[in-house]
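Take a look at the structure set out below.
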């Protein structure tokens, strides 16, 4: 690892944020430094030596690779964050590396992935069960509760609490571990019987693994295992682990509508269940609302 990469990764870590945000930022720092050397043959050792032309060249290469503008907007947000952390605010806010100048302006926020279909979900779940019962248990809870990947990996810490909540007749469950920004959120129980059955299964698996579903020594390795194992099980391309959450969101919208809520209320409630707040109903439609036939 070069000196520039070490410094950028350290700055990416120091900038803070949720686990996923920091992890994505560190991965971006590594890729950015690798491409500087391989594609542009840039030999610099410190962030203070970075120029706008280096960033422009990186974005040109990524666009040529077919990376979407929306993805590159996220990458540039990470680059600017690292630059600001290094005291390079003037470069970060400069006209040469804003989204418009880099050709990234006007990208759509509409989701590119799809909600997983019931048939494909059953296929992936059965494949996961053969490979690893703990992986399958976390996968099932992710689909039934709309969990993010990190929430699913860490949900073993809340299994007993959730079961007790169900036994008390509660209609919502609190997600605490792995949430974005470490902000607890509550999620609606759409199918009490299915959630109870999944929790009982998960608890039985966890009891054999010292309380874990994903039997890995640390969170980083557990997340890597989750991504890799689910990709092997079939969650690749248009279907990713997040496709489970997309499907849950669409079910939640229908659930609220059948209870008599208006379209706007159903979207706001679903947005809150997902942990986005009540003001992102339009975002939920754009990102989570895309169906297979689209």
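Things to note:
- Mean separation of Cα pairs under 8 Å and 6 or more residues apart, divided by the residue count, gives the range 3-97 a relative contact order of 33 percent.
- Order by protection proxy (mean Cβ within 10 Å, highest first), peptides 64-77, 230-243, 148-161: 148-161, 230-243, 64-77
- Note that the chain, at 20 °C in a medium of 1.002 mPa s, gets a Stokes-Einstein diffusion coefficient of 103 µm²/s from its Kirkwood radius over C-alpha pairs.
- Relative contact order, percent, the chain [alpha-carbon distance under 8 Å, six or more residues apart]: 19 percent
- The slack in the chain from residue 227 to residue 89, taken as 0.36 nm per residue of separation less the alpha-carbon distance, amounts to 46.2 nm.
- The chain, helix-only ellipticity at 222 nm - DSSP H runs n ≥ 4, -39,500 (n - 2.57), divided by all residues, nearest 500: -19000 deg cm²/dmol
- The ratio of the alpha-carbon radius of gyration of the range 118-288 to the globular-protein estimate 2.2 N^0.38 Å is 0.99.
- Residue 100/residue 122 FRET efficiency (R0 45 Å; Cβ-Cβ; nearest 0.05): 0.50
- The stretch between residue 67 and residue 191, if pulled fully straight at 0.36 nm per residue, gains 40.8 nm over its current Cα-Cα span.
- Using alpha-carbon coordinates, inclination of helix 118-131 to the longest axis of the chain, degrees: 90 degrees
- Computed E for residue 3/residue 177 - FRET, C-beta separation, R0 30 angstrom, nearest 0.05: 0.25
- Residue order, fewest to most beta carbons within 10 Å, for 95, 191, 132: 95, 191, 132
- In the range 3-97, the ratio of gyration radius to Kirkwood radius, Rg to Rh, stands at 0.92 when only Cα atoms are counted.
- When peptides 22-34, 255-267 are ranked by their average number of other Cβ atoms within 10 Å per residue, the highest-first order is 22-34, 255-267.
- Principal-axis tilt of helix 133-145 within the chain, Cα atoms, nearest 10 degrees: 90 degrees
- Taking the C-alpha atoms only, the angle from helix 52-64 to the longest principal axis of the chain is near 50 degrees.
The numbers here are math on the coordinates, done by the rules we state, and not lab data. Since the model is a prediction, treat every value here as computed from it, not as a measurement. Cβ atoms come from the backbone with ideal geometry, glycine included; neighbour counts cover every protein chain shown.
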